[in-house]
Amino acid sequence: MKILLIGGSGYIGTVVSKFFTDKNNVVHILDNFIYENKNHLKPFYKHNNLIKILSNNLNKVLSNNYDLIVILSGLVGDPITKKYPSLSHQHNNLEIKNYLKIINTNFNKRLVFISTCSNYGLTDGTILLDENSKLCPLSLYAKEKVNIEKFILNNEWKFHYTILRFATAFGHSPRMRFDLTVNEFTKFFFLKMPFEVYDADTWRPYCHINDFARALEAILFANIKNISGQVFNVGSNENNFTKRSIVKKINKFFDYNLTTYKQKGSDKRNYKVDFSKINKLLNFKPKYSLSNGIEEIINNLKLNSYKDLNNNNLYGNYTINNS
Ligand SMILES: NC(=O)c1ccc[n+]([C@@H]2O[C@H](COP(=O)([O-])OP(=O)(O)OC[C@H]3O[C@@H](n4cnc5c(N)ncnc54)[C@H](O)[C@@H]3O)[C@@H](O)[C@H]2O)c1
């Protein structure tokens, strides 16, 4: 199979590329490398003739006859979109719409737009939200995602589209992000750094990045009538956690705990998500638990896989190149 990953050089895209090329599929990456996030791919594509980095010209590359196109690109996360609101509108809205229009001229197979469970935003945390639940995007990041979802759902396309609302990711990636809750808390524990957790009892769903790759594989091979025009939450009901319970899980790997708790942080998100639709229609269930991901990150920290660990620009979405 031939797959095009737009935004494929990021935290999730890098793992998805490896997942598919390990299974002998061809992966092409189109990315504008807005962070210091190109070098991690070099050793990988030098030794693997199935992966290719493309120049940023979508019109040209569509002649490659892809089986699946995945749109992962954008400024990802609340802090970075708050810091760069106009660039965020450009990458998370205008450019995605532009990509979709170009793709529509010359592609009629499967397209996946990666959205987020952050679209659910704020609830009292007691009910499980499914794909038909009301969206309540709080941040600029989630508002742009909802806008693109509507743009896709309200227009006619030649391709078969699917919208995947990913849970919050965790796990090791060659392009690591330590600005994500599970990864960040694990790093603090490992480095014996005291840290404050805000609003420890708010809920959110989590999912290992390898499971996102598995979900994309499920889309690639699904019966088209089960995926065309569909929205799916991607994660598992068992992986809805509060931040306090994440700290407890990480603490099991260490004999100390330097965490303190504070109320009234700036991130108001509180939602539990239902993942039964993707399980019923596509028979998809995540394989990796939170503890699997924590252990994997600890092992990589022990192996010194993250050189220059305190360089935020290498390990998170903090500063955009040339901004
Ligand atoms: N990481 C999470 O917890 C999470 C959760 C839910 C949904 N998602 C979604 O998954 C996708 C990937 O997230 P990630 O964590 O890998 O983010 P990331 O920031 O690591 O990757 C985003 C990639 O997009 C590229 N990019 C930005 N603007 C671009 C543009 N206009 N054209 C081409 N490439 C561009 C960046 O250079 C980067 O490589 C995003 O759509 C995100 O909203 C992520």
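What follows is calculated from the coordinates using simple rules that are stated; it is not laboratory data. All figures in this text were calculated on a predicted structure; none of them were measured in a lab. Here Cβ is always computed from backbone atoms with ideal geometry, including for glycine, and neighbour counts include all displayed protein chains.
Worth pointing out:
- Taking a ≥ b ≥ c as the square roots of the eigenvalues of the Cα gyration tensor, region 14-113 is classed as oblate, since a/c reaches at least 1.5 and a/b does not exceed b/c.
- Dipole size of region 85-230 about its Cα centre, with +1 on Lys/Arg Cβ and -1 on Asp/Glu Cβ: approximately 600 debye, rounded to the nearest 20.
- Between ASN32 and HIS47, the distance separating the two model label sites (each 7 Å from Cα on the Cα→Cβ line) works out to 3.2 nm.
- Value of Rg to Rh for region 101-144 (Rh from inverse mean 1/r over Cα pairs, i.e. Kirkwood): 1.15
- Fluctuation leader among ILE71, ILE224, ILE96 - the chain, Gaussian network, Cα springs under 10 angstrom: ILE224
- Contact order normalised by residue count of the chain, Cα under 8 Å, 6+ apart, percent: 21 percent
- Backbone N within region 226-249 under 20 Å of label point (7 Å from LEU191 Cα along the Cβ vector): 247-248
- Beta bridge orientation in region 1-122: antiparallel %, DSSP, nearest 5: 0 percent
- Here LYS97 is the anchor, and the aspartates and glutamates within straight C-alpha reach of less than 15 Å, apart from those fewer than 8 places off in the same chain, are GLU144, GLU149, GLU156.
- The chain: most fluctuating residue of THR14, THR168, THR259 per GNM, C-alpha cutoff 10 Å: THR259
- Its convex hull of Cα atoms gives the chain a direction-averaged projected area, equal to a quarter of the hull surface, of 15.6 nm².
- Gain on full stretching of the segment that runs from PHE221 to LYS82 - 0.36 nm per residue minus C-alpha separation: 46.3 nm
- Projected label distance in nm at ASN132 and ASN59, using a 7 Å step from Cα toward the beta-carbon: 4.3 nm
- DSSP bridge pairs, the chain: antiparallel proportion in percent, nearest 5: 5 percent
- Listed by chain and number, the aspartates and glutamates whose C-alpha is less than 19 Å from the C-alpha of LYS285, apart from same-chain residues fewer than 8 away, are ASP130, GLU131, ASP211, GLU217, GLU238, ASP274.
- Cross-link reach is defined here as a Cα-Cα straight distance under 18 Å, omitting same-chain residues fewer than 8 places apart; for LYS264 the aspartates and glutamates meeting it are ASP78, ASP124, GLU196, ASP199, ASP201.
- Computed from point charges on the beta carbon alone (+1 for Lys and Arg, -1 for Asp and Glu), the dipole magnitude for region 194-323 about its Cα centre is near 360 Debye.
- For the pair ASN292 and LYS150, a Förster radius of 51 Å applied to the C-beta separation gives a FRET efficiency near 0.90, rounded to the nearest 0.05.
- Spatial separation of Cα centroids for region 155-203 and region 84-144, in angstrom: 16 Å
- Cβ-based charge dipole, region 1-140, positive-most Cα from SER86, SER139, TYR99: TYR99
- Computed on the Cα trace of region 12-59, the radius of gyration divided by the Kirkwood hydrodynamic radius gives Rg/Rh = 0.94.
- The magnitude of the dipole of region 118-198, with charges of +1 and -1 set on the Cβ of Lys/Arg and Asp/Glu and taken from the Cα centre, is near 260 debye.
- With 24 Å as the limit on Cα-Cα distance, the pairs of LYS249/LYS272; LYS2/LYS187; LYS83/LYS252; LYS225/LYS277; LYS101/LYS145; LYS249/LYS287 that go past it are LYS2/LYS187; LYS83/LYS252.
- Shape of region 243-310, Cα gyration tensor, a/c cut at 1.5: oblate
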